[in-house]
């Protein structure tokens with residue numbers, strides 16, 4: 001496995017960075033944060049339709065570009081770096097793998113071309129309460145009636161709940177098995193609200209279903225097969241989220257370096273103090289180690305490893321990246337001094353995103369326990 | 001991985017399997033850092049055994065006795081060597097530091113005289129860089145070299161310290177000051193000196209481990225032939241730095257295979273004594289596993305060569321953090337190993353597996369000091385990786 005980026009990959013990364021530097025500048029992020037939808041529709045249109053970012057990991061048979069998980073990781077890293085406020089993560093990094101892994105060809109044919117073309121956004125609920133796949137904690141119920149199901153229940157935390165066009169929602173069947181359904185946002189009986197989140201760069205919300213009618217063909221998978229495919233899809237999503245976090249951590253370091261180079265005390269740039277240099281160097285160590293873990297995991301994922309291996313790769317990447325992101329965000333506040341505590345400067349945006357996302361798809365402690373169970377057996 | 005590489009991997013693992021047994025069986029997983037006093041004579045025989053099968057200096061050009069292996073093949077060699085439990089290499093300073101330096105910068109006569117012995121596993125080297133007042137500040141070396149006008153020999157007076165494996169070596173490469181009154185990295189000379197001579201005394205240092213990998217080396221009118229100066233007198237710093245450039249290396253992945261073995265020992269110990277049921281220890285063991293995985297991928301990024309020649313600066317960043325990351329990982333791991341052993345950590349074990357973990361706990365304290373302390377590493381990362389202001393240096 002060669003870890004160098006080829007010229008196509010460097011181009012993907014650099015083009016994304018150039019686009020986001022403008023489209024997701026600090027001012028643009030703050031405007032999106034203040035808006036009702038949480039993102040700029042024009043930026044999303046460019047990104048999804050002209051630049052075809054959502055098409056990256058969608059196979060060509062579904063009108064995508066058919067690239068590997070690695071290219072998604074390169075894009076996600078730049079999204080995190082520029083704090084992109086957009087339905088990109090929930091659509092391309094979470095719901096696309098879910099659709100692909102559940103393997104319902106008809107549903108893939110129905111939805112993936114629209115996602116690839118940038119005309120449909122999607123999200124996925126992972127349990128009744130949180131943002132990790134826990135089939136045991138699915139409270140919604142689905143009852144089959146002739147050629148359709150009726151779904152009722154609630155999901156407390158869903159990314160982009162109120163804006164996604166397509167919602168992938170798990171519900172319990174009468175026999176106790178969990179099934180996953182593709183539900184249109186416009187379905188009668190579906191309502192979504194947006195939470196008042198501290199991390200304004202990414203919206204989450206609650207979804208309620210009251211006797212929502214779903215065609216039988218939109219039941220994507222159920223039972224053990226669903227569990228297996230959701231674990232694989234969530235591993236893919238966790239690797240992409242980890243890439244975002246590496247990008248965010250890098251932004252924290254970069255903005256800190258820019259600030260301390262200008263800031264003078266005692267007649268010299270504070271960047272010349274060894275206490276400061278060492279703290280910045282420590283940030284770089286954690287960022288590069290996390291980046292190595294993420295790139296390694298993404299390259300492994302592209303080789304279609306077994307379920308257990310993929311889960312462990314993702315756990316490693318996500319735990320190291322989450323921890324590095326939070327570490328760099330808190331260091332960035334501290335090293336900015338007083339202004340690091342203000343709303344005006346950006347460190348707090350990363351600090352909030354790092355904490356919120358740190359719990360998505362498994363907190364670092366939970367992920368370490370997954371690894372421990374593999375090494376040492378269950379507790 | 002290409003079929004060629006897979007076949008090569010199988011060849012090495014097969015050879016190790018067939019050869020690391022019988023009289024050499026007891027060397028498995030021995031002689032690494034912190035365990036370098038294990039079976040030194042037998043390990044030297046093992047070096048010669050390797051040499052007869054041409055498994056020393058595998059990355060060197062064939063004209064100097066190597067196999068001219070590609071970096072990818074060298075990685076495979078080091079990985080399989082370590083995975084099979086190959087013992088710590090007594091000859092590694094010759095093979096990885098002075099040998100490559102002589103190949104790049106030595107005279108033809110030096111190459112002819114020294115390289116064959118290094119390849120054959122019959123000539124062992126140690127490094128005379130650090131001094132009591134020249135550790136992190138290596139440019140402050142005070143050991144003096146003056147030329148004997150009669151015979152042209154260089155006469156050396158002074159002291160080196162932290163010299164690894166000095167008592168197992170025949171030769172030392174020495175950085176000394178040959179221009180009186182010069183300061184810093186100017187006016188230095190790089191000398192090759194036989195240790196077995198009247199003007200040199202080697203005194204092993206008893207470390208906190210109770211063992212002695214490191215020594216002090218005293219020079220009192222010791223002699224080096226003029227033909228054994230590498231590069232020009234006065235330009236020794238250039239040679240010394242070029243040598244350190246060879247230190248970063250392909251053996252990294254082999255080192256990680258050793259770490260992996262140590263982690264397996266910890267997991268086995270934790271399962272055996274019940275520590276595996278302690279949630280805090282489980283968490284730390286998992287963290288160690290993750291750190292090792294990151295280290296492995298980081299090494300692969302560091303060694304990456306782009307298929308189409310694109311330069312990716314990120315590979316340099318991966319290289320910059322490597323030493324700091326592995327040494328701190330290993331030091332934390334040493335503490336974890338001792339915590340997993342619990343009460344038994346303090347009772348010198350007769351079980352090789354447990355003794356190894358006890359050694360790691362103690363020796364890993366050196367990891368963050370030698371080859372650039374943590375503090376120097378962070379300076380280097382900040383200055384080279386992040387472009388931050390350089391530390392003040394005295395004017396030369």
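Below is a table of values for the structure above.
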quantity: Unmet criterion (only one of (1) touching a residue at least 40 places away in the same chain (Cβ under 8 Å); (2) farther than 30 Å from residue B:150 by Cα; (3) more than 14 Å from chain A (Cβ to nearest Cβ); (4) surrounded by 15 or more Cβ atoms within 10 Å (Cβ to Cβ)) for residue B:185; calculated: (2)
quantity: Condition check for residue B:31: over 21 Å from residue B:101 (Cβ atoms), under 20 Å from the mean Cα position of the chain (by Cα), at pLDDT below 95 and not assigned by TED's automatic domain parsing to the domain that holds residue B:353; calculated: yes
quantity: Residues of the stretch B:116-134 satisfying the condition of being over 16 Å from the mean Cα position of the chain (by Cα) and either part of a helix (DSSP H, G or I) or surrounded by fewer than 17 Cβ atoms within 10 Å (Cβ to Cβ) (or both); calculated: B:116, B:117, B:119, B:120, B:122, B:132, B:133
quantity: Any strands (runs of 3 or more DSSP E) falling wholly within the stretch A:131-246 and containing at least 3 residues that are touching a strand residue (DSSP E or B) at 6+ places or on another chain (Cβ under 9 Å) and over 29 Å from residue A:39 (Cα atoms); calculated: A:141-145, A:148-159, A:204-215, A:219-222
quantity: The stretch B:188-215, residues that are in a loop (DSSP other than H, G, I, E, B), surrounded by 17 or more Cβ atoms within 10 Å (Cβ to Cβ) and touching a strand residue (DSSP E or B) at 6+ places or on another chain (Cβ under 8 Å); calculated: B:195, B:213
quantity: Matching entry among A:350, A:336 (being touching a helix residue (DSSP H, G or I) at 6+ places or on another chain (Cβ under 8 Å), in a helix (DSSP H, G or I) and surrounded by 24 or more Cβ atoms within 10 Å (Cβ to Cβ)); calculated: A:350
quantity: From the options B:157, B:153, residue that is outside the structural domain of residue B:369 (by TED's automatic domain parsing) and closer than 27 Å to residue B:369 by Cα; calculated: B:157
quantity: Residue match in the stretch A:24-38 (condition: farther than 24 Å from residue A:107 by Cα and within 14 Å of chain B (Cβ to nearest Cβ)); calculated: no
quantity: Lone unmet requirement of (1) in contact (Cβ under 8 Å) with a residue 24 or more places away in the chain; (2) within 13 Å of chain A (Cβ to nearest Cβ); (3) buried (at least 21 other Cβ atoms within 10 Å of the Cβ) for residue B:382; calculated: (1)
quantity: Within the stretch A:72-121, tally of residues that are at positive phi and surrounded by fewer than 24 Cβ atoms within 10 Å (Cβ to Cβ); calculated: 2
quantity: Test result for residue B:319, surrounded by fewer than 22 Cβ atoms within 10 Å (Cβ to Cβ), within 12 Å of chain A (Cβ to nearest Cβ) and not in a loop (DSSP other than H, G, I, E, B); calculated: yes
quantity: Output for the stretch A:353-363, where each listed residue is more than 14 Å from chain B (Cβ to nearest Cβ) and either crowded, with 17+ Cβ neighbours inside 10 Å or in contact with a strand residue (DSSP E or B) (Cβ under 9 Å, 6 or more places away or on another chain) (or both); calculated: A:353, A:354, A:356, A:357, A:358, A:360, A:361
quantity: Criterion (at negative phi, surrounded by fewer than 16 Cβ atoms within 10 Å (Cβ to Cβ) and within 14 Å of chain B (Cβ to nearest Cβ)) met by exactly one of A:344, A:366, A:331; calculated: A:366
quantity: Residue list for the stretch A:277-289, filter: more than 7 Å from chain B (Cβ to nearest Cβ) and surrounded by 23 or more Cβ atoms within 10 Å (Cβ to Cβ); calculated: A:283, A:286, A:287
quantity: Residue count, the stretch B:144-175 (criterion: more than 15 Å from residue B:190 (Cβ to Cβ) and either part of a loop (DSSP other than H, G, I, E, B) or touching a residue at least 60 places away in the same chain (Cβ under 8 Å) (or both)); calculated: 15
quantity: The stretch B:230-241, residues that are assigned to a strand (DSSP E or B), surrounded by fewer than 23 Cβ atoms within 10 Å (Cβ to Cβ) and in contact (Cβ under 8 Å) with a residue 40 or more places away in the chain; calculated: B:231, B:233, B:234, B:235
quantity: Residue ID - farthest from residue A:313 (Cα to Cα), chosen from residues in the stretch B:243-274 that are crowded, with 17+ Cβ neighbours inside 10 Å and within 9 Å of chain A (Cβ to nearest Cβ); calculated: B:270
quantity: Residue in the stretch B:223-232 that is under 30 Å from residue B:352 (Cβ atoms) and not assigned by TED's automatic domain parsing to the domain that holds residue B:328 present; calculated: no
quantity: Whichever residue in the stretch A:262-275 is assigned to a helix (DSSP H, G or I) and facing another protein chain (nearest Cβ under 8 Å) and, among such residues, is surrounded by the fewest Cβ atoms within 10 Å (Cβ to Cβ); calculated: A:274
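Condition check ((1) in the same structural domain as residue A:140 (by TED's automatic domain parsing); (2) more than 23 Å from residue A:113 (Cβ to Cβ); (3) over 17 Å from the mean Cα position of the chain (by Cα); (4) modelled with pLDDT of 95 or more) across all residues:
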| site | (1), (2), (3), (4) |
| --- | --- |
| A:158 | yes, yes, no, yes |
| A:170 | yes, yes, yes, yes |
| A:178 | yes, yes, yes, yes |
| A:183 | yes, no, yes, yes |
| A:188 | yes, yes, yes, yes |
| A:209 | yes, yes, yes, yes |
| A:240 | no, no, no, yes |
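For (1) more than 27 Å from residue A:199 (Cα to Cα); (2) outside the structural domain of residue A:298 (by TED's automatic domain parsing); (3) assigned to a helix (DSSP H, G or I); (4) modelled with pLDDT under 95, each residue gets a yes or a no:
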position: A:39; (1), (2), (3), (4): no, yes, no, no
position: A:43; (1), (2), (3), (4): no, yes, yes, no
position: A:66; (1), (2), (3), (4): yes, yes, no, yes
position: A:84; (1), (2), (3), (4): no, yes, no, no
position: A:90; (1), (2), (3), (4): no, yes, yes, no
position: A:95; (1), (2), (3), (4): no, yes, yes, no
position: A:100; (1), (2), (3), (4): yes, yes, yes, no
position: A:113; (1), (2), (3), (4): yes, yes, yes, no
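The values are calculated or read from the model by the stated rules, or taken from the named source; none is laboratory data. Being a predicted model, the structure only gives us computed values, none of them experimental. When we count neighbours, we look across all protein chains shown, and the Cβ atoms used for this are built from the backbone with ideal geometry, even at glycine.
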